[in-house]
Structure formats: C-alpha cells, structure tokens
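This report concerns only the one structure given below.
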Amino acid sequence: MVKLTLVPLGLLLSLVIGSLCALIFQLDFPVLLSVLKDPELHFALFLSLATAFVSLLLSLIIGIPAAWAMARIQFSGKYIANILLDLPLVTPPLVVGIGLLLLLGHQGPLSGILPQLTSMLFSPIGVVIAQTYVASAIIFRTANAAFLAIDPAYISTGQNLGLTPLQTLCLVEIPLCWQALLSGAILALARALGEFGATLMLAGAVRLKTETLPIAIYLNIASGDFSLAIGCALLLMLLACVLLIALRLFTRRDKEDGYAAN
C-alpha cells in the first residue's frame with residue numbers, strides 16, 4: 001500500500017518537472033539572450049516588482065491590524081466577517097476584478113466619493129489596487145492564525161505592566177510571531193507578482209503602461225510573439241523559485257531554532 005502511493009507522487013512530479021522543462025528548453029540560448037534584452041520585458045519586470053512591493057507594504061498596513069482586531073475583539077457578526085474575509089482566497093481573480101471595477105469604476109458607487117481614484121484605475125494604480133486586494137487576504141489569514149496562537153499569558157503580562165493594546169501589539173505580539181508574519185509576507189509577494197485576472201479587469205492590458213509580467217505573457221501570446229511570452233514566463237518562474245526557496249530556508253531555520261530551544 002505504501003509503495004502504491006509513489007505512483008501519484010511520481011505522476012505529480014512528472015507533470016511539474018515536465019512543464020518546467022517544456023518552458024525552459026522551448027527557447028535556444030541565442031533567442032533567450034535576445035528576449036532577455038527586450039525593453040518590453042524590462043518594463044514588465046520593473047513594473048511587476050515595483051507594484052508588488054508597494055502592494056505588499058499596503059497589505060501589511062491593512063492586513064495586520066485587521067487580523068489583530070479579529071483575533072482580540074469580540075463583536076456581533078464576527079463569524080460572518082471571518083467568512084467574508086476569506087472570500088478573496090477562493091474567489092476567481094477575474095471575478096474579483098469585475099467586482100472591484102463595478103465598485104470603483106466611473107459608474108460605481110465610489111466614483112462620486114473618490115473621483116481621482118476612479119480616473120487612475122487603468123494605470124499602475126489599478127495594478128496596485130488589484131495586487132493589494134489579493135495579497136491582503138493572505139496577510140490577514142496568516143497574521144490572524146499567528147495572533148491566535150500566542151499564549152494569552154504574554155498578553156496579560158503586558159497589560160499588567162501598563163501597556164496599551166497598541167503597545168502590546170507592537171512590543172509583545174508582533175515580536176512573538178514575526179516569523180509567521182514574514183512567511184505570510186513572502187507568500188503575499190509571490191501572489192502579487194503572479195496576479196493577472198483582477199489586474200486585467202482593473203488596470204487593463206496596455207503595453208508599456210500596465211504591462212506586468214503576467215499581462216506581458218497574455219499580450220504576447222495573443223499577438224503571436226511566443227518567444228517574448230516564454231521569456232516573461234521564465235522570469236516569473238525564477239522569481240517564484242527564489243521566493244519559495246527563501247520561504248523554505250526560513251521555515252526550516254525557524255524549526256531548527258525551535259528544536260534548539262526545546
């Protein structure tokens with residue numbers, strides 16, 4: 001029975017390795033070099049990294065306080081709020097983008113309140129909004145689990161020492177769970193870099209304006225430039241691998257520190 005489980009494991013590994021190799025060996029070396037020198041690829045890479053890091057910062061500012069409030073404050077409707085805050089994790093990004101566009105667009109309910117924001121949607125600002133929306137959900141869920149895992153005795157000690165709730169959060173709770181928060185930030189950054197559906201709806205697909213790496217893949221596949229599309233895909237894969245390796249190394253070191261402490 002144990003050996004039989006190696007069959008689906010081998011199948012999964014074959015699919016992953018096969019798809020990676022199919023992309024990697026699709027371009028020969030001279031073509032790959034010419035693709036990597038393409039100004040459009042450079043623009044897409046820069047825009048992806050710039051918007052992803054801005055979105056990560058915004059999602060941390062939004063997600064961590066929201067997660068703390070859900071972990072520490074009791075209020076009516078909390079169960080429903082918890083479900084609603086998980087919706088971005090399971091809703092298709094394209095649906096998310098349509099919803100945000102209807103909310104923030106020129107005919108949306110917020111167009112009269114925030115007309116400047118509405119006018120900036122189909123620009124890098126729209127990219128940041130889409131990425132922040134999806135990244136905030138990851139930060140929120142990771143931070144919420146981390147706050148709930150903290151021993152209440154530490155919080156009580158901080159309060160007994162006269163710390164305010166904000167001081168307790170900054171001086172006690174965040175230092176206790178910063179490893180989990182950092183892991184969530186890495187996952188959120190990876191999610192922001194790969195965001196496509198919501199970005200397409202909210203920022204459009206305009207070359208050299210809202211062209212992130214996923215949008216560049218879409219545009220060049222649609223126009224028949226498969227070499228540039230594959231080059232962008234390889235760059236996205238490389239960024240994802242770097243973030244995944246960083247996450248694995250970090251979590252392994254965290255576990256080793258835990259074992260050493262015990």
Worksheet item: In nanometres, what is the gap between the two model label sites at Ala81 and Ser123, each 7 Å from Cα along Cα-to-Cβ?
Response: 3.3
Worksheet item: Where does each of 187-195, 14-22, 83-91 land if you order them by average Cβ count within 10 Å, highest first?
Response: 187-195, 83-91, 14-22
Response to the item:
For the chain, longest principal axis from Cα atoms; helix 6-24 axis from its Cα atoms; angle between them, nearest 10 degrees, is 50
Discussion item. Rounded to the nearest percent, how much of the accessible area of the chain (1.4 Å probe, protein heavy atoms only) is carbon and sulfur?
Written reply: 74
Worksheet item: What angle do you read, to the nearest 10 degrees and between 0 and 90, between the alpha-carbon axis of helix 93-104 and the longest principal axis of the chain?
Response: 70
Worksheet item: What whole number of Å gives the distance from the Cα centroid of region 178-196 to the Cα centroid of region 227-254?
Response: 12
Practice prompt. Describe numerically, in nm with one decimal, the distance between label points set 7 Å from Cα along Cα→Cβ at Leu36 and at Lys209.
Written response: 3.1
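Counting other Cβ atoms within 10 Å, keep those with at most 12, restrict to DSSP loop, and tell me which trypsin sites (Lys or Arg not before Pro) in region 37-104 are left.
Details: sites: Lys37, Arg72, Lys78; in loops: Lys37.
Qualifying residues, ordered by number: Lys37.
Assuming 0.36 nm per residue, please report the length gained on full extension of the stretch Val95 to Ser111 beyond their Cα-Cα distance. Each step should come with its number before you reach the end.
Details: separation 16, 0.36 × 16 = 5.76 nm, distance 1.98 nm.
Between Val95 and Ser111, full extension yields an extra 3.8 nm.
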Worksheet item: Between Leu243 and Leu176, what FRET efficiency comes out of the Förster formula 1/(1 + (r/R0)^6) with R0 = 25 Å and r the beta carbon distance, rounded to 0.05?
Response: 0.55
Discussion item. Over the chain, with the other protein chains present, what is the accessible area per residue in square angstrom, probe 1.4 angstrom?
Written reply: 57
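Quote the Stokes-Einstein diffusion coefficient, in whole µm² s⁻¹, for region 24-70, based on the Kirkwood radius over alpha carbon pairs, a temperature of 25 °C and a viscosity of 0.890 mPa s. Could you put the intermediate results ahead of the total?
Numbers: Rh = 13.4 Å.
Diffusion coefficient, whole number: 183 µm²/s.
The values are calculated or read from the model by the stated rules, or taken from the named source; none is laboratory data. Just so you know, these numbers come straight off a predicted model, no measurement behind them. Cβ: placed from backbone, ideal geometry, glycine included. Neighbour counts: every protein chain shown. All accessible areas refer to the heavy atoms of the entire protein, side chains included, with ligands and DNA or RNA removed. Shrake-Rupley method; radii C 1.70, N 1.55, O 1.52, S 1.80 Å.
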